[in-house]
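Notes follow the structure.
The values are calculated or read from the model by the stated rules, or taken from the named source; none is laboratory data. Since the structure is predicted, the reported quantities are computational estimates derived from the model, not experimental observations. Note that each Cβ is placed from the backbone with ideal geometry, even for glycine, and that neighbours are counted across all protein chains shown. Side chains included, ligands, DNA and RNA excluded: accessible areas come from the protein's heavy atoms. Shrake-Rupley method; radii C 1.70, N 1.55, O 1.52, S 1.80 Å.
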Amino acid sequence: MEQNKKQTVKAISNVIYDIKKIIENGRNAAYSAVNATMISTYWNIGKRIVEEEQHGKERAEYGKELIKTLAQELTHEYGSGFSDRYLRAFRQFYLVIPNFEIWKSRFPNLTWTHVYRTLRVNDETAIRWYLENASAQMWSVRTLNRNISTQYYERHYKQPSLLGNKSNGSVPTKEEILKSPFMAEFLGFKPDEGFSERDLESSIISHLKDFMMEMGRGFAFMARQQHIRTEAEDYYIDLVFYNVVLKCYVLIDCKVGKITHQDVGQMDMYVRMYDELKRTEGDNPTIGIVLCSETDADIARYSILKGNEQIFATKYKLYLPTEDELRREIEKQKAIYLLQHP
């Protein structure tokens, strides 16, 4: 009797689970269909506006009047989603992605909210880059917002031209993945708060998902304090990752304070050891990153960093600076990088 009751309860639970999945799948399908229709509608509105502007009329004045009149008429009939601000966004959407087949094939998982957020970026190439990476890496709108506000695109040493305009195929270079400064506000340290290298390493492990998202695409965590034994000594590498895009190991040494030539020498030794003792057939040469609170132009120019394609120094910031401060910091870090790679 008791056994039959348990079987009945289990059977009903299975039915409930199955029906909930059916409802969720149906809702997701409906949401995807609505989103696809919405994006198609907005793209076609943008296309029609641009076509009208290109009829040879005085574009500046006529375009302003066209948008203004359309906004009044459409808002009156369809609501606030067709204000002049949104109409300008539809127009820009079409100008950025003039071929809708590209959109359907490259960005089917993005929502209009993703699109609208990227259109606030001033650089058209950057807009395409953010759309491409948001789609490929499944960024939520929240992640996209954070990456735009921290100038994720600008912080890369080299920004690729996307949407079919890449040079040398589709495999990115190290410079297209590595970046500086490294924004690490998610680690939770307060400005001027004292902490050790072990504290920094532990916080990275506690926020590993956010850390790898900031690192970029293709990173997989391998080990913390990885033990390397030679005939003479034991060594411990702070953090080890593997990048499936670059097909190589990435070693990270966490440093509190300004980088020193000893830090660079230590990382050079780690990279050489890893290449000899851990790297396997099919792996590209190991990359070493010294993650420090301050980089140094002299070390980039005069140490073994110069001309080195395997060792990099990356500055981390534990709080979000203003937009202008971050822009200046990006330019400073790129200048230091160019000293290492003239």
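Quick notes on this one:
- Kirkwood Rh and Cα Rg combined as Rg over Rh, evaluated for the range 246-342: 1.01
- Taking GluC sites (Glu not before Pro) across the range 38-102, the ones in a DSSP loop with at most 13 further Cβ atoms lying within 10 angstrom of their Cβ are Glu58.
- Loop-located GluC sites (Glu not before Pro) in the range 187-258 (DSSP state not H, G, I, E or B) with no more than 14 neighbouring Cβ atoms inside 10 Å: Glu193, Glu231, Glu233.
- Ordering of 273-282, 291-300 by packing is 291-300, 273-282, highest average first (other Cβ atoms within 10 Å, averaged per residue).
- Radius of gyration and Dmax over the Cα atoms of the range 174-328, both given in Å: 15.3, 51
- Probe 1.4 Å, protein heavy atoms only - accessible area per residue of the chain in square angstrom: 56
- Extreme residue, positive dipole direction of the chain, given options Tyr17, Gly218, Ile330 (C-beta unit charges): Tyr17
- Over the range 224-270, relative contact order from alpha-carbon pairs under 8 Å, at least 6 apart, %: 25
- Average projection, convex hull of the Cα set of the chain: 27.5 square nanometres.
- Counting protein heavy atoms only, the chain has 51 percent of its accessible area on carbon and sulfur, 1.4 angstrom probe.
- Long pairs among Lys68/Lys158; Lys209/Lys278; Lys190/Lys306, criterion Cα-Cα beyond 30 Å: Lys68/Lys158; Lys190/Lys306
- Net charge, Gly81 excluded, C-beta distance under 14 Å - Lys, Arg +1, Asp, Glu -1: -1
- Our summary gives the chain a relative contact order of 12 percent, counting only alpha carbon pairs under 8 angstrom and 6 or more residues apart.
- Peptides 25-38, 111-124, ordered by how many other C-beta atoms sit within 10 Å of their residues on average, highest first, read 111-124, 25-38.
- Pairs of Cα atoms nearer than 8 Å and 6+ residues apart set the relative contact order; for the range 295-342 it is 62 percent.
- Nearest-ten-degree value, helix 59-78 long axis tilted from longest Cα axis of the chain: 70
- Pairwise FRET efficiency - Val50 versus Thr322, Cβ, R0 = 35 Å, nearest 0.05: 0.50
- Per-pair calculated FRET efficiency, R0 = 35 Å: Arg85 and Gln225 via Cβ, rounded to 0.05: 0.10
- Hydrodynamic analysis of the range 5-105 uses the Kirkwood radius over alpha carbon pairs. Inserted into Stokes-Einstein at 37 °C and 0.692 mPa s, it gives a translational diffusion coefficient of 197 µm²/s.
- Crossing angle, helix 323-340 versus the chain [Cα axis fit, 0-90 degrees, rounded to tens]: 50
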